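All remarks here apply to the structure that follows.
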Amino acid sequence: MRIRKELWFGFSLMAVIIATILLFTPWGALTNGHLGLLMLALVVVTIMLGFPTAFTLMGMGVFFAWLAYRSVNPDLAVRQVLDLMVQRTYAVMSNDVLIAIPLFVFMGYLVERAALIERLFKSLHLALARVPGSLAVATIVTCAIFATATGIVGAVVTLMGLLALPAMLRAGYSTQLSAGAITAGGCLGILIPPSVLLIVYGATAGVSVVQLYAGAFFPGLMLAALYVAYVIVLAKLKPASAPPLPEEEARVPIPAVLAPMAERSRNAFSGLLGALGGRSFGVPAKTVAGQLVVTLLPALAIGGIVWMTWLGATKPAQIVDVTGLEQSGMVVEQPGTESAGQAGGLAEPPAEEGALAEPPAEDGELAEPPAEKGAAAEPPVGKGDAAKPAAAPSAAAQPASVPEAEAPERLPTPTWFWIVAAVAVAIAAFIYWLWTWQRLEVFKMLLASFFPLAVLILAVLGSIVFGLATPTEAAAVGAFGGCILAAAYRYIGHARARRGNALGTTVRELGGIVKESSFLTAKTSAMVCWLFVGSSIFSAAFALLGGQEIINHWVLSMDLTPIQFMILAQFIIFILGWPLEWTEIIVIFMPIFIPLLAHYQIDPLFFGLLVAMNLQTAFLSPPVAMAAFYLKGVAPPHVTLNQIFGGMLPFMGIQVVALILLYVFPQIGLWLPQVLYR
């Protein structure tokens with residue numbers, strides 16, 4: 001009965017589209033523009049019928065492009081269509097941005113098989129045991145971390161459905177909350193870098209993927225925080241839907257070697273410090289030293305953050321040396337030599353109307369630099385008074401500026417830094433006040449599961465955001481790091497279980513993991529690349545028929561304000577997310593919206609962030625809601641699809657709230673790109 005309802009919904013939607021085409025198409029006076037709109041509607045219907053998206057786009061594009069060329073010159077129509085196919089396909093093949101897609105996908109599949117997520121979920125679950133709805137909160141946090149490492153929605157939802165759903169159902173959590181936390185958390189990979197969607201949007205809209213990654217970071221964290229806040233509030237208001245963990249399940253066993261110290265000291269930090277003074281109670285000194293090093297890691301991390309903050313706060317002002325420009329005549333007749341050293345000095349010559357005309361106007365201008373090489377102390381010939389300010393710094397000030405550049409003085413430490421340092425000290429004191437032996441064991445579990453993944457994430461995303469590597473280069477490093485993680489954790493697991501030759505078993509398993517991950521990567525990458533080829537041909541045919549011009553004229557004729565246009569565009573994308581997936585929306589409809597952004601003075605980067613957050617509804621809105629089908633495939637038989645849909649709806653409402661917050665406060669997404677790149 002459920003399947004029938006979904007089929008009826010799909011067929012009803014297709015009937016509405018077909019009826020609209022039949023009623024509003026002027027069949028007696030068809031123009032090329034009408035054919036373009038007809039092509040757009042037919043593509044939506046055929047995709048909803050289940051035809052492959054990429055080849056549907058390609059077939060429709062070829063046929064309607066032939067109609068467009070045939071209306072101009074029937075004899076050359078076939079040849080022009082074939083030329084169009086070759087050119088568009090080659091343009092996709094030569095797009096360097098798309099190289100990052102298979103590498104990021106490969107990294108995601110390797111991390112998925114590295115046996116990290118199960119350990120991470122268990123350690124987060126124990127660390128958040130006192131938080132209301134701890135299992136659901138741990139699920140969302142794990143999904144966010146896993147999404148940061150993979151960006152593959154299907155992999156995150158499927159794996160967390162196997163790990164977290166049975167645990168939450170056994171703990172007495174409601175089916176709706178359990179399903180909603182897994183599906184909503186899994187969809188965070190659409191927005192949080194390294195998102196494949198952002199790469200596809202960047203290649204489609206011509207926006208820097210690096211800036212998109214930087215811009216999507218804080219909106220993704222904001223959305224995850226809203227999910228967590230909703231779960232905590234719901235667990236407080238309805239404890240029956242998210243009961244607290246029993247005491248025995250939240251307790252972590254203390255290792256036998258540390259038991260003598262744990263019995264005599266409640267606080268692990270003070271107990272380990274006392275052991276250094278001789279009160280080790282029979283615990284080996286080597287064990288005490290190792291546990292103390294682990295205990296001091298939070299303090300070292302906080303100290304490192306404070307130190308980096310001080311370095312940034314007291315960083316000396318950068319002085320640009322323009323002596324060479326002054327000598328070559330690029331910076332002359334400045335009001336003073338000090339202003340020439342400012343960062344804005346490089347922008348001044350274009351502002352002068354005659355700056356570009358001066359060198360040709362002076363007969364001896366081009367001959368002056370060779371003359372200065374032979375006699376550095378002599379003023380230029382024929383410059384008169386204008387040469388005197390330029391000669392003085394080259395003879396006297398230049399030697400004195402070298403020591404200053406080698407040892408710049410730092411700025412005074414600002415007052416706000418001492419406030420930040422005091423807060424950091426208070427946080428560290430609070431952490432160590434709560435540092436029990438059980439929390440020490442939980443921290444060690446987090447260290448073993450989260451730290452390697454965090455290093456990989458920081459290496460990949462940090463190198464991209466700070467401009468140390470391109471997305472493609474960072475993705476290659478991430479894929480290599482994922483391979484190392486998979487091998488290391490497989491080896492550790494076999495070594496601890498003492499299963500024969502751990503190294504040989506790990507090598508055999510790693511070969512299977514790489515083979516399976518390579519196959520899945522090739523499958524996913526081929527789908528994305530064929531989508532790009534199909535959408536490129538489709539958009540070319542749509543432009544040839546004049547469909548884009550009709551839509552532009554229609555939108556511009558409504559005389560919308562930028563806010564009204566933004567609301568209209570996001571509403572259309574929200575509705576399209578019901579029957580279509582995000583790949584189809586990006587490659588088909590984004591080329592329609594993007595040319596209109598310049599008219600309304602909307603930043604394509606900001607528009608892309610709104611679209612990325614909006615398109616998460618494509619995975620959370622029925623009847624398509626791919627996240628629900630991923631979860632249903634691994635859920636117990638008694639969990640129905642309607643229960644999964646019901647659990648997803650509150651999180652879908654939270655996405656709408658987050659979308660509004662991002663629009664009202666655009667600096668949530670634009671602050672980091674502006675600080676780093678502008």
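Bear in mind these aren't lab numbers, they're just calculated from the coordinates by the rules spelled out. Quantities reported herein were computed from a predicted structural model and do not represent experimental measurements. With ideal geometry, Cβ positions are generated from the backbone for all residues, glycine too; neighbour counts draw on all protein chains shown.
If you rank His553, His494, His638 by fewest surrounding Cβ atoms within 10 Å, what's the result?
Numbers: His553 11, His494 18, His638 8.
Ascending number of Cβ neighbours within 10 Å: His638, His553, His494.
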Residues Ile427, Ile99 in order from fewest to most other beta-carbon atoms within 10 Å are Ile427, Ile99
Net lengthening on full extension, Ala497/Phe55 (0.36 nm per residue, minus Cα-Cα)
154.2 nm
Residue-wise HN-Hα coupling along the stretch 656-667, computed from phi with Karplus coefficients 6.51, -1.76, 1.60 (Hz; x: Gly, Pro):
5, 4, 5, 5, 5, 4, 5, 6, 6, 10, x, 5
Multiplying the sequence separation of Trp578 and Val233 by 0.36 nm and subtracting their Cα-Cα distance, what value in nm do you get?
121.3 nm
At a Förster radius of 41 Å, what calculated FRET efficiency corresponds to the Cβ-Cβ distance of Asn73 and Leu162, to the nearest 0.05?
0.10
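Can you sort Phe218, Phe121 from fewest to most other Cβ atoms within 10 Å of each residue's own Cβ? Show your work: numbers first, answer last.
Values: Phe218 17, Phe121 24.
In increasing order of surrounding Cβ atoms, one gets Phe218, Phe121.
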Output wanted: per-residue J couplings in Hz (rounded whole) for the stretch 267-275, from phi through Karplus 6.51 cos²θ - 1.76 cosθ + 1.60, θ = phi - 60°, x for Gly and Pro.
8, 5, 5, 5, x, 5, 5, x, 5
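Using 1/(1 + (r/R0)^6) with R0 = 22 angstrom and r between the beta carbons of Ala488 and Val293, what's the FRET efficiency to the nearest 0.05?
Working: r = 21 Å, r/R0 = 0.93.
It comes out at approximately 0.60.
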Please give the FRET efficiency for Leu221 paired with Thr314, using the beta carbon to beta carbon distance and R0 = 35 Å, rounded to the nearest 0.05.
0.80
The answer for Thr436, listing residues at least 5 apart or on another chain whose modeled amide H is closer than 5 Å to its amide H, is Ala268
In whole Hz and in residue order, list the ³J(HN,Hα) couplings for the stretch 451-459 that follow from phi through the Karplus curve 6.51 cos²θ - 1.76 cosθ + 1.60, θ = phi - 60°; x for Gly and Pro.
4, x, 5, 5, 4, 5, 5, 5, 5
